[in-house]
Each structure stands twice: as C-alpha cells, then as structure tokens.
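Visitor: Here it is, the structure in full.
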Amino acid sequence: MAAPRSAISVVKFLCGAGLGYYICYVLINVTGTMLMEFLNNPLGAVNDSKNHQHRYLEGTMSFNIKQHTDENRSLADDLYKRVRILCWVMTGPENLDKKAKHVKATWVKHCNSVLFMSSEENEDFPTVGLDVIEGRDELNWKTVKAFRYIFDHHLNEADWFLKADDDTYVIVENLRWLLSKYSPDQPIFFGRKFKPFVKQGFMSGGAGYVLSKEAVKRYVDICKTGECSYSTAQEDVAISKCLEGVNVKAGDSRDTNKRETFHPLPPEHHLIKHYIPRSSWYRQYCFYPITEGPGCCSDLTVSFHYVDTVNMYLLEYLTYYLRPYGYKYRYYPESAAKELKQT
C-alpha cells in the first residue's frame, strides 16, 4: 500500500532540513576559520612554524648593505687584530642547508677564521670531514677530532678557539672584549659555567665555549693518550673534565656587574621572568646565582643557544644595524677601554 502523502512530505522535510543543517555547519566552520585567520593575521603575515622557516629561508639574507659606515669602529678593529678568534661550528650533512648556512651568513663573518666541522667533507660549503659517525653519542669524539684537526692545521691562525653549535648565535666583538683581559698563553677557558659533574664546573656546550691557545695544546696532548677520546653525548662535561685534569682553569665569564654573558637558552627564556620552570635542569645547574628578567644578561652578552633560522637574522639586525637615536651605551667600561688603547 502506498504511503500517505503527508508521511512522504515529512520525510522529505526532515531530509532537506538535515542536508541544510550539514551544509550550514560546513560553511560556518570553513568561513569561521578563515575569519579567525584574517583577524589574527589581517595583512597575511607569515607564521613562525619550522616548515615556514625552511620554506622561506631557502636562500640566505644579505646584510652587506652600506649602513653605519660613519661609525667609529677603531676599538673593535683594534681588538680584531689583537684578540684573534678561530670559530669552529659543529654541524652535520643534514644541517648544512637547514642551519649552518644561516650561521655562515651572519655572526661567523666577525670571526678571524671559521671552520665548519662535520662527519663528511663538503668542498662546496665547505666543511671539514672528521670521519666520524653522526649522532649525539659521538659528540665528544667529534669534538676531540675537531680540536686535533685545528691543532695540526690552524693553531697559529688564532689566539683563542671558540666552539659553537649550528643553532648558537655569538656576538664575537663582545667575546673579544671579554678575552682582551687575558693572555692566550694562560691555561684557561670560558663559557656558561654549570656546577655538577666537574669540581671547578663545566661549560655549556650549547652556549659555546672558548679555549686559549695553551688550553688547546694541553687538551690535544691528553687526547693523544686516549684518556679523553671516548664516546658520550655530554661533550661539554667530557672536555671540561679533561681540561681540569691538565690544570686548565674554568674562568668566570660574567661582566663587571656579575651579569652572565654566555646563555644556554634563547633570549626570551632568560629575559622573561618565570619563563623557565622551577623544576628545570637549568636552575639546578647554574654555577652562579640566577637573575631573571632584563637584568639576566650582560649588555656585552656573548651568546644565545637554540636560535632558529629566523631569529639568527633578527639578532644580527638588532645587534649590528638597529640604533636608538641620541643614546649612549648604558654599560661601557670607559676606564678599561682607555687602558686597552694605552697598551
């Protein structure tokens, strides 16, 4: 028996209402998402994702622009000649395009000499091939071979030897200022000092550490005995233990106001109070008392770690190109600068 017309009409109505509801639901969600994206990003500004960074930073940004050419760089130029720094950057084949090329385009240009240390040689980049296996467990062995290579081929090119990662940003001029008070003939090294594992403290690998020429000689000598040539992910602890064993002093890299200059985390972690959790390893490791907020960091800061490719260029711009009109530096040891000029 045929269904009554009224029943058919009800079914048609319900089907139509359901389909209409579904279409409206989809449209509202799609347009709502687009509206929120527009409100959050009305000018189509790019986001900060890693995928975006790699997509838009396929090339490198050029800072070879004529700016600040009238600045007085006499003191910095004098230090460049008198405090020679060889910078070697620990990297790997997979990081050359993602990270190392952006380091190459920014801060290492201020070093006296630069070497990129990898497991494989790359003549085009170029990198030094250390013939080691890539991986965290081989970081110490990679460090040993890097310093041995420097000792054999580049020892006389510099007075100080800086190790940095391919996500470390370094202000080399500030490092020269720190080192200008010391002799490369002293058995000493500097970095961000942490207190566990080594009696005199160890230097954070991520923040970078710098060895005097005498420290490099002693380190390579003990490595040749095989005592320090072993596999571990904690290369910063390993090298610090070895240097302590040959009487190389772990120096204090803080400025005259006792503010830190080497930083093992990105700028915002140090500059924003309570950004770092109370349970963080960082709070347990720091050798000296921690200051959070803007007072955390020296005006003559040397380094930051975990700097992504976008912020590598941002820090380069803020450091070397941005200038507030009419200001003088709020922290500038005038007397020490005069003494340096007189020597």
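The values are calculated or read from the model by the stated rules, or taken from the named source; none is laboratory data. All values reported here derive from a predicted model rather than from experimental measurement. Cβ atoms come from the backbone with ideal geometry, glycine included; neighbour counts cover every protein chain shown. With ligands, DNA and RNA removed, areas are computed over all heavy atoms of the protein, side chains included. Shrake-Rupley method; radii C 1.70, N 1.55, O 1.52, S 1.80 Å.
Visitor: LEU314: of a type in the set (A, V, I, L, M), over 21 Å from ARG176 (Cβ atoms) and either in a loop (DSSP other than H, G, I, E, B) or out of contact with any helix residue (DSSP H, G or I) (no Cβ under 9 Å at 6 or more places or on another chain) (or both), yes or no? If you could, list the steps in order and put the result at the bottom.
Guide: Working: of a type in the set (A, V, I, L, M): yes; over 21 Å from ARG176 (Cβ atoms): yes; either in a loop (DSSP other than H, G, I, E, B) or out of contact with any helix residue (DSSP H, G or I) (no Cβ under 9 Å at 6 or more places or on another chain) (or both): yes.
Judged against the criteria, LEU314 is a match.
Visitor: I need every pair where a residue in the stretch 230-249 that is farther than 19 Å from ASP185 by Cβ has its Cβ under 6 Å from the Cβ of a residue that is part of a helix (DSSP H, G or I) and among the basic types (Lys, Arg), sequence separation at least 6 or different chains.
Guide: Once the first residue is farther than 19 Å from ASP185 by Cβ and sits in the stretch 230-249, its partners that are part of a helix (DSSP H, G or I) and among the basic types (Lys, Arg) give ALA233/ARG136.
Visitor: Then there's this: For the stretch 256-303, give me the residue count where each residue is closer than 16 Å to GLY201 by Cα, without any contact (Cβ under 8 Å) to a residue 40 or more places away in the chain and part of a loop (DSSP other than H, G, I, E, B).
Guide: Result for the stretch 256-303: 2.
Visitor: Can you tell me which residue in the stretch 247-285 is farthest from the chain's Cα centre (by Cα), limited to those that are modelled with pLDDT of 95 or more and hydrophobic (A, V, I, L, M, F, W, C)?
Guide: Selected residue: VAL248.
Visitor: May I ask you to verify whether GLU244 is among the acidic types (Asp, Glu), open to solvent by 20 Å² or more (accessible area, probe 1.4 Å) and within 18 Å of GLN200 (Cα to Cα)? Show your work before the answer.
Guide: Values: among the acidic types (Asp, Glu): yes; open to solvent by 20 Å² or more (accessible area, probe 1.4 Å): yes; within 18 Å of GLN200 (Cα to Cα): yes.
For GLU244, the condition - among the acidic types (Asp, Glu), open to solvent by 20 Å² or more (accessible area, probe 1.4 Å) and within 18 Å of GLN200 (Cα to Cα) - is met.
Visitor: I'd like the full set of residues that are among the charged types (D, E, K, R), outside any loop (DSSP other than H, G, I, E, B) and buried (at least 16 other Cβ atoms within 10 Å of the Cβ), limited to the stretch 72-104. If you could, list the steps in order and put the result at the bottom.
Guide: Step one: filter the stretch 72-104 for residues among the charged types (D, E, K, R), giving 73, 77-78, 81-82, 84, 94, 97-99, 101, 104.
Still in the running and outside any loop (DSSP other than H, G, I, E, B): 77-78, 81-82, 94, 97-99, 101, 104.
Once the filter is applied, which keeps residues that are among the charged types (D, E, K, R), outside any loop (DSSP other than H, G, I, E, B) and buried (at least 16 other Cβ atoms within 10 Å of the Cβ), the stretch 72-104 yields LYS98, LYS99, LYS101, LYS104.
Visitor: VAL220 fails exactly one of the following numbered conditions: (1) closer than 18 Å to ILE239 by Cα; (2) of a type in the set (A, V, I, L, M, F, W, C); (3) within 23 Å of the chain's Cα centre (by Cα). What is the number of that condition?
Guide: It fails just one condition, (3).
Visitor: If GLU227 meets every condition in (1) more than 27 Å from SER298 (Cβ to Cβ); (2) outside any helix (DSSP H, G or I); (3) open to solvent by less than 40 Å² (accessible area, probe 1.4 Å) apart from one, which number is that one?
Guide: The failed condition is (3).
Visitor: Mind counting the residues in the stretch 284-294 that are out of contact with any helix residue (DSSP H, G or I) (no Cβ under 8 Å at 6 or more places or on another chain) and surrounded by 12 or more Cβ atoms within 10 Å (Cβ to Cβ)?
Guide: Residues meeting the conditions: 5.
Visitor: State yes or no: is VAL216 outside any strand (DSSP E or B) and at pLDDT 95 or above?
Guide: In short, yes.
The rows are residues; the columns are (1) free of Cβ contacts under 8 Å to residues at least 60 places away in the same chain; (2) out of contact with any strand residue (DSSP E or B) (no Cβ under 9 Å at 6 or more places or on another chain).
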position	(1), (2)
LYS81	yes, yes
PRO93	yes, no
GLU123	yes, yes
ILE150	no, no
THR168	no, no
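Visitor: Looking for whichever is out of contact with any strand residue (DSSP E or B) (no Cβ under 7 Å at 6 or more places or on another chain) and either basic (Lys, Arg) or surrounded by 14 or more Cβ atoms within 10 Å (Cβ to Cβ) (or both) here; the options are THR256, THR301. Which one fits?
Guide: From the options THR256, THR301, the qualifying one is THR301.
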